[in-house]
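To keep things clear, I will list the structure first and then write my remarks on it.
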Amino acid sequence: MKTEIKIKQIIMVLVTLLIMTACGDAEKNKLENRAADYWKFKIEKNFKKAYQFLTPGWRKTDSEAAFSQRLITSKVKWLDSKVTKKECSQPDLCIVTMEITYEYQFRTSGSQKIKADSMVKETWILKDNTWYHLPLQKKMSQ
């Protein structure tokens, strides 16, 4: 009898762990979290991780090295980001509006810097249960 109760308890614990793991994966892949993480990595200059958020098709045409190089040489330094809006025209296609705080360094006038906020609209696509960012153009250093 005691063995039967222990087995039931173990099964209940295992089921609970499986449910928690599934919920964790769902949260990790939630669009708002993916968009926030993408910008977090860009702000941290972890371009290798940020690159993984681009659509698989985009990554086939744009190398990680080229993506990183564009961001490294950008005159923009991102300081903060926040998801402000999500609009989905289809279940697998959304536009996410991000509020970005950045610093821009002018190449002329003694390397003067300005700090500003901007709203950026990004296209995100759901593929194989994961949200991916689809940039507008390769040469943009959003």
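Tabulated data for the structure shown
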| quantity | calculated |
| --- | --- |
| Per-region count, the range 72-102, residues hydrophobic (A, V, I, L, M, F, W, C), assigned to a strand (DSSP E or B) and either out of contact with any Lys or Arg (no Cβ under 6 Å at 6 or more places or on another chain) or without any contact (Cβ under 8 Å) to a residue 12 or more places away in the chain (or both) | 7 |
| Some residue of the range 51-68 being within 20 Å of LYS40 (Cα to Cα), free of Cβ contacts under 8 Å to residues at least 40 places away in the same chain, under 13 Å from the mean Cα position of the chain (by Cα) and in a helix (DSSP H, G or I) | yes |
| Sole exception among (1) modelled with pLDDT under 95; (2) surrounded by fewer than 14 Cβ atoms within 10 Å (Cβ to Cβ) for ASP62, by number | (2) |
| Qualifying residues in the range 69-90 (those that are surrounded by fewer than 12 Cβ atoms within 10 Å (Cβ to Cβ) and out of contact with any strand residue (DSSP E or B) (no Cβ under 6 Å at 6 or more places or on another chain)) - the one nearest to ASN46 (Cα to Cα) | ILE72 |
| Lone qualifier among VAL76, VAL83 - being under 30 Å from ALA116 (Cα atoms), touching an Asp or Glu at 6+ places or on another chain (Cβ under 7 Å) and modelled with pLDDT of 65 or more | VAL83 |
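The values are calculated or read from the model by the stated rules, or taken from the named source; none is laboratory data. Note that this is a predicted model, so its numbers are computed, not measured. For neighbour counting, all protein chains shown are included, and Cβ atoms are generated from backbone atoms with ideal geometry for every residue, glycine included.
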